[in-house]
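**Q** Take this structure first; my questions come after.
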Amino acid sequence: MADLASRITKPADETPVNDAPAAAGEASTGNNGAEDNVEDDGVQRGLIETSYEVEVKLADLQADKDSPLHSGISSFDELGLSRQILDGLLAVNFKKPSKIQARALPLMLSDPPTNMIAQSQSGTGKTAAFVLTVLSRVDFSKPTQPQALLLAPSRELARQIQGVIQTIGRFVDNLIVEAAIPGGISRETGVQSAVVVGTPGTVMDLIRRRQFNVSQLKVLVIDEADNMLDQQGLGDQCLRVKNLLPRTIQILLFSATFPDKVLNYARKFAPNANEIKLRHQELTVKGISQMYMDCPDEAQKYDILCKLYGLMTIGSSVIFVKTRESANEIQRRMEADGHKVSVLHGAHEGQNRDALLDDFRMGRSKVLITTNVLARGIDVSSVSMVINYDIPMKMMRGREEPDMETYLHRIGRTGRFGRVGVSISFVYDRKSFEALSQIADFYGIDLVQLSPDDWDATEQKVQDVIKSSRARPDYAPNVMDKKD
Amino acid sequence: MASSSPSRQPTNHWVNGSPQRSVLDELYAEDRNSEARHRYLLEVAKQEHERVRKEAERVYLEQLKREELQRIEEERRKEQERIRLEEERIRHEEQLAAERARLNELKAKKIEIPPPLPEPEPPAAPAPSRTTPAAPAAKQNEPVQINGPATKPAPPIQSGGLFGSSGLKPAATAPSIGASLFPSQLTPAAQSQLPPPAPPASSVPASTAPKPNGIGPASESSRSAAAPEARTVPDRYIEIHKNLKLLRKSVMEQAKTNPALKSRLGDMRREIRKSVGQLTVASGVAGVNKVQQQKINSLLREALSNQVQSQLMEVSNFVLEPRNPVQGAVNNDAVLPSIFLYLINIFAKAAIAQFINEAGSRPETADPVGICVAATLSEPDFLWRGKSLIDMLLAKFRVVCPVLFGHRGSEKTEQGRARIGWWKDCGRWVSEQQHMDRMTGLGAGFAAISLRNFAHSKKTNPFPPREYWAAMARIVNTPAADISGTQCTVLKAMVEGYEQKFIEFYGTAALAALRTALIEFPARATQRSPAVDALQVVAQRLKRDTGLVLG
């Protein structure tokens, strides 16, 4: 409130009065006369100019009120976090809490601890929200006593979260974070850290082998919760892990998507939870321009793919494919075209996967080709393009159907935290076209068509789409209602 | 007997604790005074006690929960109420603000007639120092002077200015280090760097300090010498920027009638954009971007050969100062093929776009682009009359990141935002997050271009480190009241990840500059903001991660 007031009520015509003495005072401390003149000069200009300056229109300041990144809270200071954590946030350029952070943090940090089920769009700061909770709950005078456990569906995501905790907590003394993934915990010592991030299978093994003392765990976080609780294997594992933990533990469930049936289960899993759900029209990220490329046939997809990189400024990009074979083939072609490429799919071993993804994270390679392994959660902030080389499909009742959630999670790899992002889906035959149409209908997206015939025209079109991406009216996509 | 009494129901109330029902039994029981009986009754009482306590606890906890829920509910209501009130207030104030703006406008109109108004352009510190015509005067004869910016700033500017009193100590020792470091490193670069930045030029005469001062004069001239200049000479970079737009139009027009040009133009443009986008962080491995560099060079050479017969165009429209033919230069004519100039423009544009879009979120990605820019523009084939065409890139920088050139403004006013390069998208200011991202990318990009070491290269550095020093000086010399978050963000991005290079170039002087930038400058800011705080955190991080203590 105070902050808003200061933004708005400062009367423009008073400013020069305040400024003049200050600036003049500074000038007079300068050591030569010429400079004084200059300063005066500056002040005079300031005087006349400021009297003409018009305050920024409030409509503009408030324009993003509905944006998931806008919370009305002007800094993290107001959330009562410790100084070390605040410094860590500033060091990574986190300046203001996003909506999910501003809303969820007070609830998660309040005592007695209450469970939480929170939904927010991809790339809006969910990870930071629960990481801040974890860092605030842990007692760092016991650095090797496990106090917080975070579960993620893949080793990549677990390592990523581990990295985020270490980054935000870089100024926190005695912070130890271990990754409970295959090969992540010493077999000799077991878990020796206050914060543990892991995949459910490994975590359960550790507990069973008595290498993970869970008696003083205070917080359990499950990221990508719908996916974790929904899948047969993962869901069971999560439940078994939970049953091994203290009853009093605070449970936090996070995801960008929460289909209804999962939500019901989640409510049982985390009883009496506070819930933050998305309004339906908020589901897709507005900053992502969604397009599709109309390819004449499957064989030409490779060449068209390479051409895309000249159409716009691209930082890093992710290409989702269906099979390992096509992943390898695309890699070959793109490397021939000068790109540095990482390919990541199930065939790679854990440690190797880490190295490949690290290359991509560190910017040593800028193209990541992957199967669905990485559709969820992976956050590389400079990803500015996502390509659905194949439309995501899933098996439902013995038939192949377009996979709505996966589409949403895939394109959510770009447009992180309000940045510009582009997604391009390739269609080349009736089947792929129909699948994409169904997805577009489902979310109510107006997909822009691109054609590979005239690259000058296509380039122009892409530029226009990117330019107008923020001006587009809100569509009303609706996962919750249409589900099932 | 023992079996008769424990039948007490757990649901019994405390009243049943007294043995009314079985008083007789009790009385007549043989063991009514036995110790066992006594113990038994004690036990029963204890259990009852526990039950009651548990029940009480449960009720208490429930109450707590209820209260907590109520509190949360209350909070929510309050929050909503607060939002509503605030919105109301904002609406109210919006009206007030509009009224006031209208009033100001009216007032302004009145004043407008008598006193000659300053041009709308002159912001805080206008034209970059390089515009000063005095520049050529600064023929760098002696290495010492060349290193002017490199060696230590004398304390001339405002006393509170660049370096606080404490900062002067390291400053004094700097020259020795600087002198030993720089001559070898910078001299070759500086020599050919003919349009030497005004800083050294004006500093040499102005401050008779033992060592010429890079910072002082830079800011001095940008504020003093250059300021009046800018009145008569409108910002040259802005002119160049306009000329570049005309160039683009002209080339597009030519393409309509020149099929050879049309067929190559788009492909070449996209190839350049792609190649710039493909540049990756080297991580100490040499040559990772060799292919891209060669590709860009070959495209530009192709354009220079002008096989597509694009029109020839005056190059002087795209450089800061007039140039005369230089002996031995590859391109000495007054004109060059427009497709070549166009592609240089596209290359510059691609670099800037990469800074904004990619380095904005990951500043470290600016470095390979900076290397590529310096390498490409310093290619002898792409020089004009012996000097690089980097002014085309700088003109873009001037437009998208004016604070690097000493421009200032309030982030709370329309004009202030326009002056500091806050972007508009479809008529609306972009969000603060986006703006700060852009500034981060551009600050990192600027550092990536200006902190290149050409000591081991035969080529001439198109944008030597003194430009970095000068830009930093222009920011840190801002009067306290004018310090903006934008400046802090740009400064942070310029410093972070480049501390080491900066120190390599400037030695102890760099430490003093860092101290000014990371400690004194944010401490001076009258308005605290996350951007200001973040600048201070950089110093903490340096201390923690590298052991570099500035404070």
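**Q** Taking other Cβ within 10 Å of each residue's Cβ, how do B:ASP425, A:ASP359, A:ASP173 sort, fewest first? Walk me through the intermediate numbers first.
**A** Numbers: B:ASP425 15, A:ASP359 20, A:ASP173 9.
Fewest-to-most Cβ neighbours within 10 Å comes out as A:ASP173, B:ASP425, A:ASP359.
**Q** Sort B:ARG248, B:ARG39 by Cβ crowding within 10 Å, fewest neighbours at the top. Could the numbers behind the result be given before it?
**A** Details: B:ARG248 16, B:ARG39 10.
So the ranking, lowest neighbour count to highest, is B:ARG39, B:ARG248.
**Q** Consider a paramagnetic label point 7 Å from the Cα of A:THR167 along Cα→Cβ; state which residues of segment B:470-512 have an amide N under 15 Å from it.
**A** B:497, by backbone N distance to the label point.
**Q** Something else about it: Got a sec to turn the phi values of segment A:341-353 into Karplus ³J(HN,Hα) couplings, 6.51 cos²θ - 1.76 cosθ + 1.60 with θ = phi - 60°, whole Hz, x for Gly and Pro?
**A** Using θ = phi - 60°, the values come out as 10, 10, 10, 9, 8, x, 6, 7, 6, x, 4, 5, 4 Hz.
**Q** Just list whichever of A:LYS277/A:LYS366; A:LYS95/A:LYS322; B:LYS274/B:LYS396; A:LYS95/A:LYS467; A:LYS96/B:LYS424; A:LYS301/B:LYS249 have alpha carbons separated by over 31 Å in the model shown. The partial results should precede the final answer.
**A** On the way: A:LYS277/A:LYS366 34 Å; A:LYS95/A:LYS322 38 Å; B:LYS274/B:LYS396 20 Å; A:LYS95/A:LYS467 25 Å; A:LYS96/B:LYS424 21 Å; A:LYS301/B:LYS249 33 Å.
The answer is A:LYS277/A:LYS366; A:LYS95/A:LYS322; A:LYS301/B:LYS249.
**Q** Next question, about the same structure. Does segment B:415-551 come out rounded, prolate or oblate by the C-alpha gyration tensor, with a ≥ b ≥ c the root eigenvalues, rounded set by a/c under 1.5 and, if not, prolate when a/b is larger than b/c and oblate if not?
**A** Details: a/c = 1.99, a/b = 1.28, b/c = 1.56.
Because a/c hits 1.5 or more and a/b fails to exceed b/c, segment B:415-551 counts as oblate.
**Q** Skipping prolines and chain starts, which residues have an amide H placed within reach, meaning under 5 Å, of the one on A:ILE424, given they are 5 or more residues away or on another chain?
**A** Long-range HN contacts for A:ILE424: A:MET291, A:VAL386, A:ILE387, A:ASN388.
**Q** Could you state the number of Å between the C-alpha centres of segment A:173-240 and segment A:299-340?
**A** Cα centroid to Cα centroid, the span is 36 Å.
**Q** May I ask you to list the chymotrypsin sites (Phe, Trp or Tyr not before Pro) in segment A:183-284 that are in a DSSP loop and have at most 14 other Cβ atoms within 10 Å of their Cβ?
**A** Details: sites: A:PHE212, A:PHE254, A:TYR265, A:PHE269; in loops: A:PHE212.
Answer in residue order: no site qualifies.
**Q** Size of segment A:260-394 along its principal axes in angstrom, Cα-based, largest extent first?
**A** That gives 56, 36, 27 Å along the principal axes, largest extent first.
**Q** Find how many whole Å separate the alpha carbon centroid of segment B:256-293 from the alpha carbon centroid of segment A:78-106.
**A** Result: 40 Å between the Cα centres.
**Q** How long are the semi-axes of the equivalent ellipsoid of segment B:53-92, taking √(5λ) for every eigenvalue λ of the Cα gyration tensor, in whole Å from largest down? Present the calculation step by step, with values, prior to reporting the outcome.
**A** Values: eigenvalues 280, 3, 3 Å².
Whole-Å semi-axes of the equivalent ellipsoid: 37, 4, 4.
**Q** Go through segment A:441-446 residue by residue and turn each phi into a ³J(HN,Hα) via Karplus (6.51, -1.76, 1.60, θ = phi - 60°); whole Hz please, and just put x for glycine and proline.
**A** Values, residue by residue: 4, 4, 8, x, 8, 9 Hz.
**Q** Find the percent of Cα-Cα distances in segment B:238-364 that exceed 25 Å, and round it to a whole number.
**A** So the pairs more than 25 Å apart make up 33 percent of the total in segment B:238-364.
**Q** Taking every residue in A:451-461, how many Cβ atoms of other protein chains lie within 10 Å of its Cβ, on average? Could you put the intermediate results ahead of the total?
**A** Working: counts 0, 0, 0, 1, 3, 7, 1, 2, 4, 1, 0.
Per residue, the number of nearby Cβ atoms from other chains is 2 on average.
**Q** Please express the shape of segment A:125-263 as an equivalent ellipsoid: the semi-axes are the square roots of 5 times the eigenvalues of the C-alpha gyration tensor, given largest first in whole angstrom. It would help to have the intermediate numbers written out before the result.
**A** Numbers: eigenvalues 92, 62, 37 Å².
For segment A:125-263, the semi-axes come out at 21, 18, 14 Å.
**Q** Turning to a different aspect of this structure: Starting from the Cα of A:ASP260, step 7 Å along the direction of its Cβ; do the same at B:GLN294; then give the gap between the two resulting points in nm.
**A** Simple spin-label model gives 6.1 nm for this pair.
**Q** For the residue pair A:GLN145 and A:MET362, what label-to-label distance in nm results when each label sits 7 Å from Cα along the Cα-to-beta-carbon direction?
**A** Output for this residue pair reads 3.7 nm.
**Q** While we're looking at this one, here's another question. Across the residues of B:348-358, average count of Cβ atoms on other protein chains within 10 Å? Mind dumping the intermediate values first?
**A** Details: counts 0, 1, 1, 1, 1, 3, 3, 1, 2, 10, 11.
Taking all residues of B:348-358 together, the mean is 3.
**Q** Also, quick follow-up: Please report A:GLU329, B:GLU520 as a ranked list, fewest other C-beta atoms within 10 angstrom at the top and most at the bottom. Before the final figure, lay out each step's value.
**A** Working: A:GLU329 14, B:GLU520 19.
Taking fewest neighbouring Cβ atoms as first place, the list is A:GLU329, B:GLU520.
**Q** For A:VAL383, which sequence-distant residues (separation of 5 or more, or a different chain) have an amide H within less than 5 Å of its own amide H, given hydrogens modelled in the peptide plane?
**A** The list, which skips near neighbours in sequence, is A:SER316.
**Q** Also, quick follow-up: If amide hydrogens are placed 1.01 Å from N in the peptide plane, which non-local residues have theirs closer than 5 Å to the one on A:LYS394?
**A** Correct list: A:GLU401, A:ASP403.
**Q** Let me make sure I get this right: for segment A:285-482, a, b and c are the square roots of the gyration tensor eigenvalues over alpha carbons, sorted descending. Under 1.5 in a/c it's rounded, otherwise prolate if a/b > b/c, else oblate. Which is it?
**A** On the way: a/c = 1.29, a/b = 1.16, b/c = 1.12.
Rounded, since a/c falls under 1.5.
**Q** Using θ = phi - 60° and the Karplus curve 6.51 cos²θ - 1.76 cosθ + 1.60, what whole-Hz ³J(HN,Hα) does each residue of segment A:302-311 get, with Gly and Pro shown as x?
**A** 4, 5, 4, 3, 5, 5, 4, 6, x, 6
Read the figures in this text as sums done on the coordinates, not as results from a lab. Since the structure is predicted, the reported quantities are computational estimates derived from the model, not experimental observations. All Cβ positions, glycine included, derive from the backbone under ideal geometry; neighbour counts span all protein chains shown.
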